[in-house]
1. If Ser181 satisfies every condition in (1) under 17 Å from the mean Cα position of the chain (by Cα); (2) touching a residue at least 60 places away in the same chain (Cβ under 8 Å) but one, which is the exception?
2. Given the conditions (1) of a type outside the set (D, E, K, R); (2) over 15 Å from the mean Cα position of the chain (by Cα); (3) within 24 Å of Phe204 (Cβ to Cβ), which single one is not true for Leu43?
3. Just one of (1) in a loop (DSSP other than H, G, I, E, B); (2) at pLDDT 95 or above trips up Ile195, so point out which.
4. Looking at segment 106-158 only, could you name the residues that are assigned to a loop (DSSP other than H, G, I, E, B) and farther than 17 Å from Lys244 by Cα?
5. Which of the residues spanning segment 153-184 are under 30 Å from Met206 (Cβ atoms) and exposed (fewer than 13 other Cβ atoms within 10 Å of the Cβ)?
6. Of the residues that make up segment 79-92, is at least one exposed (fewer than 15 other Cβ atoms within 10 Å of the Cβ) and aromatic (Phe, Trp, Tyr)?
7. Could we say that Ile118 is under 29 Å from Thr59 (Cα atoms), over 17 Å from the mean Cα position of the chain (by Cα) and either touching a residue at least 60 places away in the same chain (Cβ under 8 Å) or exposed (fewer than 11 other Cβ atoms within 10 Å of the Cβ) (or both) here?
8. Look at segment 29-67 and say how many of its residues are modelled with pLDDT of 90 or more, surrounded by fewer than 17 Cβ atoms within 10 Å (Cβ to Cβ) and more than 18 Å from Ile104 (Cα to Cα).
Amino acid sequence: MSNPILSEKTFENARQTSAGVYSGDVMTMKGTINKSILLFITLLVPAAWIWWKMGGDPTAAEGLRGWMIGSAILGFVLSLVLMFKKSWAPVLAPLYAAVEGVFIGLVSMVFNYFYDGIVMQAVGITLLVFAAMLVAYRTGLLRATPMFTKIIVMATLGVALFYLINMIVTWITGNNWYAGSSTLSIVISAVVAGIAAFNLILDFNMIEEGSKSGFPKYMEWFCAFGLMVTIVWLYLEILRLLAKLNSRD
């Protein structure tokens, strides 16, 4: 699968771990949904708190850069640990959500300062896209077929490579052209947002497979964490796209 959190390898490891030796509570679809809701509440609370703490004005906020860099680094470290220690997900997934909430709150505050109301627009569009993808998956309109999966995997790897190259070029030249509002930049942002959206289909499929396979209960937290990673990625790309469109007005 394209989301490295909910990859085929992840579930194959879970199968090998639980096969023939696990007899406790198992992963269910309902349990995963409940964990997902809890994680998003855990993300939203610190996001709102940090916004309130900074006064909604990034130009006057003290320590904003430190909070942003610190939360980004800590979130990255926690995600890496979770990749290798899935059984720690009941503890680390909520912690990651809280840290990610601080980062999302700061990023959203900065965007909203320059483009008033853009955050609510991005949230609304993200929810609509999520609902549309869920309906498409449940009705069978979009399925994680081998060909569909291969295309999204390759596209996501391409996005990751693009991010890396852009980061290196920006670091060397000091010029981040992707942050501009050129037609090419807007088209790329739209394509990346679309790829993030289609990742949801693969996430839904892996969660469904995991619940049917009777994986250990902690996989509910891990799968909820993986789904949250995709949705946050989608939100950030939509936020970036809206900012570029607004800057051209």
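The values are calculated or read from the model by the stated rules, or taken from the named source; none is laboratory data. Owing to the predicted nature of the structure, the values given are computational and were not obtained by experimental measurement. Cβ: placed from backbone, ideal geometry, glycine included. Neighbour counts: every protein chain shown.
1. Of everything listed in (1) under 17 Å from the mean Cα position of the chain (by Cα); (2) touching a residue at least 60 places away in the same chain (Cβ under 8 Å), Ser181 misses just condition (1).
2. Every condition holds for Leu43 apart from (2).
3. Failing condition for Ile195: (1).
4. We begin by selecting, within segment 106-158, every residue assigned to a loop (DSSP other than H, G, I, E, B); these are 115-117, 139-145.
Within segment 106-158, Thr139, Gly140, Leu141, Leu142, Arg143, Ala144, Thr145 meet the criteria.
5. Step one: of segment 153-184, the residues under 30 Å from Met206 (Cβ atoms) are 153-167, 178.
Within segment 153-184, Met154, Leu157, Ala160, Leu161, Tyr163, Leu164, Ile165, Met167 meet the criteria.
6. yes
7. Details: under 29 Å from Thr59 (Cα atoms): yes; over 17 Å from the mean Cα position of the chain (by Cα): yes; either touching a residue at least 60 places away in the same chain (Cβ under 8 Å) or exposed (fewer than 11 other Cβ atoms within 10 Å of the Cβ) (or both): yes.
Spelling it out, Ile118 is indeed under 29 Å from Thr59 (Cα atoms), over 17 Å from the mean Cα position of the chain (by Cα) and either touching a residue at least 60 places away in the same chain (Cβ under 8 Å) or exposed (fewer than 11 other Cβ atoms within 10 Å of the Cβ) (or both).
8. Total satisfying the criteria: 4.
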